[in-house]
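I have placed the structure first, in the form of structure tokens, so that the comments after it can refer back to it.
The values are calculated or read from the model by the stated rules, or taken from the named source; none is laboratory data. Model, not experiment: these values are computed from the prediction. Note that each Cβ is placed from the backbone with ideal geometry, even for glycine, and that neighbours are counted across all protein chains shown.
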Amino acid sequence: MNYERKDERDAKGVVERALQISLDHFDTHGGVDYRSSDGSVALEVTRVTDGRKRAGRSALAKSESASDEPPLASCWLMFVPATHGSMKNLERRIREILPELEMAGIRDFDRGAVQLQILERRPKWQLLERIYRTGIESLWASPHPDDPEHVHELILSTTWDGSIGGSNESLQNLLEELDSKTDNVKKMTESRANTRVLFVWIDGDTPYEIQRPLAAEPPRGLESLFGPPALVPALDPAITHLWVVHEVSRLGWFWDGSEWMALEGV
């Protein structure tokens, strides 16, 4: 007997609202996760993640955090190399700096992008240098303007060596990962539904070259590089619709069979 997982229920709710349909849990003894009552729509939920990152994330989880720091105005996503030499107390060190970043109006930090700013002593270089010396890769603010009760947090993720050329490259890497998940296609084919939806969760343990465009809002000036992909995805005919959503940022893409749509607050 197969039972619903929370991430499956969450994906089901997203698709039901978007397509204005009702879906029933179908994968009790195998088959797609959900089907509509008339059998015309099938939904399969999967995840692309990297188990190798868990060890590094586990070390970060043991990093001491500060409980007496002032509240934040935004959630912050922090990316740290999995090979970082000193994880201990890293969260506390960064958490102490974040209120200063917010007061200075700094919404993001990218290690490579700030090097020249620090060397040339441009405005706010001393604050940026403090972050640079911690050895982290990047920081991105993620506000929640529609939820005044939300308690903002610092969310940590480890990264591995790899390059990211934008959304198109991210999509290609994702599709290569999905090609290895042959069970998805098998279930979709056997569903015989007219609309066959594959919903893909990505998260902080997903390879960086896949998750980066959806991990946070695009950096200023790079919106076109990190917007929805421009490529027509080479999907198996068994898949008619594709959702890709980052579990932390709730940013995503939706392919309806003919074009891509950007998603926020999924």
* Filter region 103-145 for residues that are part of a loop (DSSP other than H, G, I, E, B) and touching a residue at least 60 places away in the same chain (Cβ under 8 Å) and give the result. => Pro143, His144
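Look through region 1-48, keep the residues that are of a type in the set (Phe, Trp, Tyr) and part of a loop (DSSP other than H, G, I, E, B), and return whichever of them is modelled with the highest pLDDT.
Taking region 1-48 and keeping what is of a type in the set (Phe, Trp, Tyr), we get 3, 26, 34.
With part of a loop (DSSP other than H, G, I, E, B) added as a condition, the list becomes 3, 26.
On the way: Tyr3: 81, Phe26: 91.
In this case the residue turns out to be Phe26.
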* Asked: Given the conditions (1) within 24 Å of Ser249 (Cβ to Cβ); (2) of a type outside the set (Lys, Arg); (3) modelled with pLDDT under 90; (4) out of contact with any helix residue (DSSP H, G or I) (no Cβ under 6 Å at 6 or more places or on another chain), which single one is not true for Ser63?
  -> (4)
* Structure fact -> Taking region 236-252 and keeping residues more than 8 Å from the chain's Cα centre (by Cα), among the hydrophobic types (A, V, I, L, M, F, W, C) and either surrounded by fewer than 19 Cβ atoms within 10 Å (Cβ to Cβ) or within 17 Å of Glu264 (Cβ to Cβ) (or both) leaves Ala238, Trp243, Val244
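Take region 246-266 and flag every residue that is hydrophobic (A, V, I, L, M, F, W, C) and part of a loop (DSSP other than H, G, I, E, B). Before the answer, list the steps.
Filtering region 246-266 for residues hydrophobic (A, V, I, L, M, F, W, C) gives 248, 251, 253-255, 260-263, 266.
Selection gives Val248, Leu251, Val266.
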* Scan region 1-26 residue by residue and report those that are of a type in the set (Val, Ile, Thr) and closer than 16 Å to Trp255 by Cα. => Val14, Val15
* Number of the exception - Ser170 against (1) farther than 23 Å from Val32 by Cβ; (2) in contact with a strand residue (DSSP E or B) (Cβ under 8 Å, 6 or more places away or on another chain) -> (2)
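Residue-by-condition table, conditions (1) aromatic (Phe, Trp, Tyr); (2) in contact with a strand residue (DSSP E or B) (Cβ under 8 Å, 6 or more places away or on another chain):
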{"site": "Gly105", "(1), (2)": "no, no"}
{"site": "Lys124", "(1), (2)": "no, no"}
{"site": "Arg133", "(1), (2)": "no, no"}
{"site": "Ile136", "(1), (2)": "no, yes"}
{"site": "Trp140", "(1), (2)": "yes, yes"}
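May I ask you to verify whether Ile118 is hydrophobic (A, V, I, L, M, F, W, C), more than 22 Å from Met261 (Cα to Cα) and buried (at least 19 other Cβ atoms within 10 Å of the Cβ)? Reasoning before the result, please.
Values: hydrophobic (A, V, I, L, M, F, W, C): yes; more than 22 Å from Met261 (Cα to Cα): yes; buried (at least 19 other Cβ atoms within 10 Å of the Cβ): no.
It is false that Ile118 is hydrophobic (A, V, I, L, M, F, W, C), more than 22 Å from Met261 (Cα to Cα) and buried (at least 19 other Cβ atoms within 10 Å of the Cβ).
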